[in-house]
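*Asks:* One structure, pasted below without further comment.
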Amino acid sequence: MVDATGGGAYHHPMDTTMTCARCGSVGLEEGFIDDGAYGRVAWFQGERKVGMFGTPKRSGPQRPVLAYQCPQCSHLELFTGPSDWLDEH
């Protein structure tokens with residue numbers, strides 16, 4: 001992933017000290033969620049609207065979904081990353 005400045009790997013600001021909300025373990029592991037079609041999952045701002053064929057309309061600001069898993073209890077934490085990452089991947 002690329003950071004918002006365009007260089008280097010993007011990491012959530014808390015990635016090395018993130019504490020699991022479920023069990024309290026420190027050091028969540030970074031990963032990703034794949035939708036099986038496009039290779040990325042995005043968060044879209046605003047209310048979900050459906051198009052003519054029943055598919056969601058993808059308009060407005062969007063951000064990639066970043067996933068972190070607890071190595072102790074497997075709890076999954078999701079965050080949004082910088083919007084420009086979607087343009088580069």
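Only the coordinates and a few stated rules stand behind these numbers; no lab work does. Because the structure is a prediction, the values reported are computed rather than measured. Using ideal geometry, Cβ is built from the backbone for each residue, glycine included, and neighbour counts are taken over all protein chains shown.
*Asks:* If you bin every alpha carbon distance in region 26-86 into 10 Å steps from zero, what whole percent lands in each bin?
*Replies:* Taking all Cα pairs of region 26-86, the binned fractions are 20, 42, 28, 9, 1 percent.
*Asks:* Now for a different question. Under the rule of at least 5 residues apart or a separate chain, name every residue whose amide H is placed under 5 Å from the amide H of Arg40.
*Replies:* Those qualifying (amide H under 5 Å, at least 5 residues apart or on another chain) are Asp35.
*Asks:* Let me check I've understood the local charge: for Val41, count other residues with C-beta under 15 angstrom from its C-beta, Lys and Arg +1, Asp and Glu -1. What total comes out?
*Replies:* Every neighbour counted, the sum reads 0.
*Asks:* Which FRET efficiency value, to the nearest 0.05, is calculated for Ala21 and Gln62 with the Förster distance at 35 angstrom and r the Cβ-Cβ distance?
*Replies:* Once the sixth-power term is evaluated, E becomes 0.90.
*Asks:* I'd like to compare 56-63, 77-84, 24-31: which one has the highest average count of other Cβ atoms within 10 Å, and what's the full order after that?
*Replies:* Per-residue Cβ counts within 10 Å, averaged per peptide and sorted highest first, yield 77-84, 24-31, 56-63.
*Asks:* Here is a follow-up. So who's got an amide H within less than 5 Å of the one on Leu66, skipping anything under 5 residues away but keeping other chains? H placed 1.01 Å off N, in plane.
*Replies:* Residues meeting the amide H criterion: Phe79, Thr80, Gly81.
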